[in-house]
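J.: To start, I am sharing the structure in question, which I have written as structure tokens.
Please treat every number below as a calculation from the coordinates, not as lab data. Owing to the predicted nature of the structure, the values given are computational and were not obtained by experimental measurement. Note: ideal-geometry Cβ built from the backbone for every residue, glycine included; neighbour counts use all protein chains shown.
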Amino acid sequence: MTTAFYFDERCLWHTTGEHALILPVGGYVQPPAGGGHAESPESKRRLKNLMDVSGLTAQLDVQTADPVTREDMERVHPASYLDRFKEMSDAGGGNAGIYSPFGSGSFEIAALSAGLAKTAISRVMTGGAQNAYALSRPPGHHCLPEQSMGFCLLANIPIAIEAARANHGLGKVAILDWDVHHGNGTQAVYYDRADTLTISIHQEGCFPPGQGTAEETGAGAGEGANLNIPLLPGGGHQAYLDAMELLVLPAIRDFAPDLIVVASGLDANAFDPLSRMQAHSGTFRELTRMTMELAKEVCAGRVVAVHEGGYAEVVVPFCGLAVLEELSGIKTNVVDPFEEITEGQQPAEDFVRFQRERLRQQAAS
Ligand SMILES: [Zn+2]
């Protein structure tokens, strides 16, 4: 069976206004000459372009999708938030939360972004593809039910999962969020629910500041179904593999989900401007391989990856290509020129051992 790839050019037309990285310009924040807001279309466009020129796109089942419906959105978001977001979007743009500016028409583009995720899950659940990748933009994992946050305007993955529960009787789901920032929005949606295991591997204390600690383990019926794995800044390739071996794989194996959804942020790479981790494309390749191997064991290989963050525009494409090569089992002849550089910048063995011991302690607690 093939790997399905969900993409729509219109997702790249979502605009974020005049910003420098994450701040609106003004005062002493000079308008940037070439760049602008960190969450630009460029990293996504370059990933698709690299897939095209490497010949990978032609070997995948490439699809677009319908936007999610109001009913789909209301399974996760209150009507008051959706009304406010739609009204601002129709009026030319604004910000309906924290660090989440948008321009005219972004409501419809966000619905399309979530629609790519929804259709990707639907496709895999109905047996049309073994696995799938949705190149969703705007991203979703910081978006709270009642407000947007961190460039995320709709909770793409929860909307997609809840649609599959309503339409296809999808049962237990494990969400593995390897975006370098904490998947706080996804955690908030599922914090008190037992049917969804939410796992976030992230740089400790990065964004949102002070959130995503290992002590946040879920509440009520959801107690034990939320796993945060904060890694020390500077952690590299081995820290991610250790987190998988010591915590992620055992937790998913125990949970025995019917589907694994990956929140595939690619911003843990060493060049990302919004984080301080030292991962590279080989890390993402290995994370994908480990996830697929586990999925074969627990859920008939069903894996859906949904794109999240990633702001090093020239590096993200190589990380994304690695994920897609693993998902599809197709190796292109692209060699990531950044991987060797980052390999030479891995933390000292003492640091790696210290981080591993922290993970061991968390696993034992
Ligand atoms: Zn991120």
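J.: Is the shape of segment 72-180 rounded, prolate or oblate, going by the alpha carbon gyration tensor and its root eigenvalues a ≥ b ≥ c, with a/c under 1.5 for rounded and a/b larger than b/c for prolate?
T.: Prolate, because a/c is 1.5 or more and a/b exceeds b/c.
J.: Calculated from DSSP H runs of 4 or more alone, at -39500 (n - 2.57) each and per residue, what is the 222 nm mean residue ellipticity of the chain, nearest 500?
T.: -11500 deg cm²/dmol
J.: Show the residues, 5+ positions off or on another chain, whose built amide H is closer than 5 Å to the amide H of Asp177.
T.: Amide H neighbours of Asp177, under 5 Å, 5+ apart: Ile199, Ser200, Ile201, Ala263.
J.: Give the long-range amide H neighbours of Asn131: residues separated by 5 or more places, or on another chain, with amide H under 5 Å away, using H modelled in the peptide plane at 1.01 Å from N.
T.: Excluding prolines and chain starts, which carry no amide H, the hits are Ala4.
J.: Using Cβ counts within 10 Å as a stand-in for footprinting exposure, how do Cys206, Cys143, Cys152, Cys11 rank, fewest first?
T.: Ranking Cys206, Cys143, Cys152, Cys11 by Cβ neighbours within 10 Å, fewest first, gives Cys206, Cys11, Cys152, Cys143.
J.: Then there is this: So how far, in whole Å, is the C-alpha centre of segment 2-16 from the one of segment 275-340?
T.: If we compute the Cα centre of each part, the gap is 18 Å.
J.: If you restrict to DSSP beta bridges whose two residues both lie in segment 4-364, what percentage is antiparallel, to the nearest 5?
T.: Antiparallel: roughly 15 percent of the beta bridges in segment 4-364.
J.: Cross-link list Lys44/Lys331; Lys44/Lys172; Lys172/Lys331: which exceed 25 angstrom alpha carbon to alpha carbon?
T.: Where the Cα-Cα span goes over 25 Å, the pairs concerned are Lys44/Lys172; Lys172/Lys331.
J.: Further question: Which cysteines does the chain leave without a neighbouring Cys Cβ under 4.7 Å?
T.: Result for the chain is Cys11, Cys206, Cys299, Cys319, no neighbouring Cys Cβ within the cutoff.
J.: With springs only between Cα atoms under 10 Å apart, run a GNM on the chain and tell me which of Tyr191, Tyr28, Tyr311 wobbles the most.
T.: Ranking Tyr191, Tyr28, Tyr311 by mean-square fluctuation puts Tyr28 first.
J.: Most exposed first by the Cβ proxy, i.e. fewest other Cβ within 10 Å, how do Thr217, Thr119 rank?
T.: Thr217, Thr119
J.: With r defined as the distance between the Cβ atoms of Thr217 and Glu343 and R0 fixed at 35 Å, what FRET efficiency is calculated, to the nearest 0.05?
T.: Here the calculated transfer efficiency is 0.50.
J.: Normalised by the residues of the chain, what does the relative contact order come to in percent, with Cα pairs under 8 Å and at least six apart?
T.: Taking the mean separation of contacting Cα pairs over the length of the chain, I get 18 percent.
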